[in-house]
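Notes to accompany the following structure.
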C-alpha cells in the first residue's frame, strides 16, 4: 500500500471513530418536559421554572423544535428554517429567538426558565412574565455582587399583557461578541399568531395610552447597569417574593462565580423594606446609582448596594436623600427635600412620582420615571408616603436624625 492509500485508510478510520463517539453522545441526550406558557402577570413563577436549581443542567439538554435545520446567532436552539434576520443579525420574529420550542402552542423551550424578581418595575399597569436563558456550561460572574456580568449568549425576555391582551415581548440578547442587542416584538392583534420586530416604538399601543418603547429608549434604562440586565440581580432575587430562578436556585445550581456569603435582606420593618425595594427597582437599578446610571450626577442614589444593607440608615437612599435639599424645585414649596421625614407633600421625589408631564399642569421634566410611563403608580406612591409618615420621629418620640 502506497503512502496516499495509507493516509486515506487512516482518515476513513478516524471518521468512523468520530461517528461512533457522536452516536454515543447523542444517544445520551434527552428532552425535559417543556414549560407551558401561562400568560403574563407579576405573580410567582411556575414551580418548574428553575426552582430546582437545574437551569444549567436543563440548558444542556436537547430541545425539540419545529425545524432543526438552523441555529440562532448564539448557537443555542435549532430554529425554523424560514426565520429571517435583521440588519444586526437579530431574528425579526419572536418565534425565532429560542423562547418557544413550539410556536403554535406557545410552549416555552425547556432550556429557558421563568423567573419573577419579587421587586417590580412599574409599567403603567401591564402584567409581565419573564424568562432567562444561560448558555450551557456558563456562569454569571458575580465578583461584583452589585454588577453581575453575564456570559455571551445570555437572553432575557419580558412579555407585557395590557388589559388582558398580549402586546409586546422585549428581548435583550448578549451576542457572541459580548455586545448587547435590545429589541421589541409587537404581537398581532389576536395576541397569538405572529409578531413583528418593532424598533421605533408605538405611542398608543392599546388605544388607552400604553407606550411601547423605541429601541433607543431601551438603551437609556439598560445603560444603568454595567452589563445591561436590570431586574435579574442580587437584591431582587434574594427577596422572599422572588420565584422561579432565584438567588437560592442559582447558588444551588453552581451558576454564580461568587455566591453571596450570607443572605441579602432589605433592611427595616415591612413598610421601610417595601419602600426601599420599590425605589431600588424603579429608580436605583436603572438610573440613580453609583455606576453607569444616567441620574448618578444628581447625587440622589437609590440602588440597594450589597455593602449598604446593614440598616435603613446605611442605604444610599437614606444617606443621599432623607432630609437632603432637593435639586428639583417643587412649585409652591420652599426648600423641598428629596425625602422629607413625616411630610410626603414636601418631598420632591414623592411629588415627581405622583405626577405625569402634561397632566394637571405638570410641566415637561416633572415626572419620575421620566419616560415610557403615562400613569401614576398609586400603590407605589402610597408605599413611599407610608414610609415617610411612619418614621420614628413622626410620632414625636423618635431619636432618628436626618441630613440638614
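The values are calculated or read from the model by the stated rules, or taken from the named source; none is laboratory data. Because the structure is predicted, anything quoted here is derived from the model rather than measured. A quick note on method: Cβ atoms are made from the backbone with ideal geometry, for glycine too, and the neighbour counts reach across all protein chains shown.
Here are the numbers for this structure:
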| quantity | calculated |
| --- | --- |
| Matching residues in segment 303-338 - criterion: being touching a helix residue (DSSP H, G or I) at 6+ places or on another chain (Cβ under 7 Å) and under 30 Å from residue 262 (Cα atoms) | 303, 304, 305, 306, 308, 312, 314, 315, 316, 317, 318, 321 |
| Residue that is at pLDDT below 95 and not assigned by TED's automatic domain parsing to the domain that holds residue 291, where the choices are 134, 55, 119 | 55 |
| Condition met for residue 203 (within 21 Å of residue 133 (Cα to Cα) and out of contact with any helix residue (DSSP H, G or I) (no Cβ under 7 Å at 6 or more places or on another chain)) | no |
| Sole residue being out of contact with any strand residue (DSSP E or B) (no Cβ under 8 Å at 6 or more places or on another chain) and either under 17 Å from residue 120 (Cβ atoms) or in a loop (DSSP other than H, G, I, E, B) (or both), chosen from 205, 228, 189 | 189 |
| Hits in segment 318-343 (condition: part of a helix (DSSP H, G or I) and either in the same structural domain as residue 209 (by TED's automatic domain parsing) or surrounded by fewer than 17 Cβ atoms within 10 Å (Cβ to Cβ) (or both)) | 319 |
| Qualifying residues in segment 360-393 (those that are without any contact (Cβ under 8 Å) to a residue 24 or more places away in the chain and more than 29 Å from the chain's Cα centre (by Cα)) - the one surrounded by the fewest Cβ atoms within 10 Å (Cβ to Cβ) | 360 |
| Number of the exception - residue 144 against (1) at pLDDT 95 or above; (2) buried (at least 20 other Cβ atoms within 10 Å of the Cβ) | (2) |
| Considering residues of segment 286-315 that are in a helix (DSSP H, G or I) and closer than 18 Å to residue 369 by Cβ only, the residue nearest to the chain's Cα centre (by Cα) | 296 |
| Residue tally, condition part of a helix (DSSP H, G or I) and in contact (Cβ under 8 Å) with a residue 24 or more places away in the chain, over segment 208-225 | 7 |
| Any hit, segment 277-285, residues being touching a strand residue (DSSP E or B) at 6+ places or on another chain (Cβ under 9 Å), in a loop (DSSP other than H, G, I, E, B), touching a residue at least 24 places away in the same chain (Cβ under 8 Å) and not assigned by TED's automatic domain parsing to the domain that holds residue 247 | no |
| Filter pass, residue 346 being surrounded by 14 or more Cβ atoms within 10 Å (Cβ to Cβ) and more than 20 Å from residue 297 (Cβ to Cβ) | yes |
| Residues that are under 17 Å from residue 286 (Cβ atoms), crowded, with 22+ Cβ neighbours inside 10 Å and more than 12 Å from the chain's Cα centre (by Cα), drawn from segment 225-246 | 235 |
| Residue within segment 252-267 that is in contact (Cβ under 8 Å) with a residue 60 or more places away in the chain, assigned to a helix (DSSP H, G or I) and in contact with a strand residue (DSSP E or B) (Cβ under 9 Å, 6 or more places away or on another chain) present | no |
| Odd one out for residue 121, checked against (1) touching a strand residue (DSSP E or B) at 6+ places or on another chain (Cβ under 6 Å); (2) closer than 21 Å to residue 217 by Cβ; (3) part of a loop (DSSP other than H, G, I, E, B) | (1) |
